[in-house]
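Enquirer: A single structure is presented below for examination.
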Amino acid sequence: QVHVVESGGGLVQPGGSLRLSCAVSGSIYRIYGMGWSRQAPGKQRELVATITSSDSENYADSVKGRFTIARDNAKNTVYLQMNRLKPEDTAVYYCNADHQSGTDGLIRRYWGQGTQVTVSS
């Protein structure tokens with residue numbers, strides 16, 4: 001079993017910052033890509049940022065220059081530093097980890113339960 005747990009969400013004023021964390025635990029063999037997505041009320045889930053096992057990063061155009069994704073492989077953790085937050089960043093943020101099983105070799109995507117980020121004055 002692999003578990004993904006996000007933390008760090010909350011209420012912040014426009015222009016403020018938040019740092020989300022996502023810890024992967026359980027029977028870990030190998031983690032490949034990790035990422036963050038978000039879903040606002042009434043909207044589809046959208047990809048925010050991804051990072052590969054070799055630290056190659058990609059961002060949605062809407063967050064480029066404001067958000068930074070990073071990972072700590074020793075801790076099986078991925079972070080999302082969010083700066084200059086806007087009201088339109090309000091959403092539930094979900095973390096995912098692409099994990100390879102040591103048993104069958106298959107790579108599966110695991111998702112966390114999400115953490116709420118609200119940007120409002």
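Coordinate-derived values only; no laboratory data. Model, not experiment: these values are computed from the prediction. Please note: Cβ atoms are built from the backbone with ideal geometry, for glycine as well, and neighbour counts cover all protein chains shown.
Enquirer: Rounded to whole Hz and in sequence order, give me ³J(HN,Hα) for the range 101-108 from the Karplus expression 6.51 cos²θ - 1.76 cosθ + 1.60, θ = phi - 60°, writing x for Gly and Pro.
Expert: 6, x, 8, 10, x, 6, 9, 10
Enquirer: Any idea what Rg and Dmax come out to for the range 22-121 if you just take the C-alpha atoms, in Å?
Expert: For the range 22-121, the Cα-based Rg and Dmax read 14.1, 49 Å.
Enquirer: Let me ask another. Just to confirm my numbers, what's the Cα centroid distance between the range 85-100 and the range 1-52 in Å?
Expert: About 4 Å separates the Cα centre of the range 85-100 from the one of the range 1-52.
Enquirer: Would you mind counting up the charge near residue 39? Only other residues with Cβ under 10 Å from its Cβ, with Lys and Arg at +1 and Asp and Glu at -1.
Expert: Result for the local shell: +2.
Enquirer: How many nm separate the modelled label positions at residue 68 and residue 111, each set 7 Å beyond the Cα in the direction of the Cβ?
Expert: Between residue 68 and residue 111, the simple spin-label model gives 2.9 nm.
Enquirer: Still on this structure, I have one more. Applying 1/(1 + (r/R0)^6) with R0 = 25 Å to the Cβ-Cβ distance of residue 17 and residue 100, what FRET efficiency is obtained, to the nearest 0.05? Mind dumping the intermediate values first?
Expert: Details: r = 33 Å, r/R0 = 1.34.
The value I calculate is 0.15.
Enquirer: Mind putting a number on the dipole of the chain about its Cα centre? Charges go on the C-beta only, +1 for Lys and Arg and -1 for Asp and Glu, and I need it in Debye to the nearest 20.
Expert: With Lys and Arg at +1 and Asp and Glu at -1, about 140 debye.
Enquirer: Output the relative contact order of the range 60-120, whole-number percent, from Cα pairs under 8 angstrom with separation of 6+ residues.
Expert: Relative contact order of the range 60-120: 28 percent.
Enquirer: Do you know the relative contact order of the chain, to the nearest whole percent, from alpha carbon pairs under 8 angstrom that are 6+ apart?
Expert: Working: 302 pairs, mean separation 43.7, N = 121.
36 percent.
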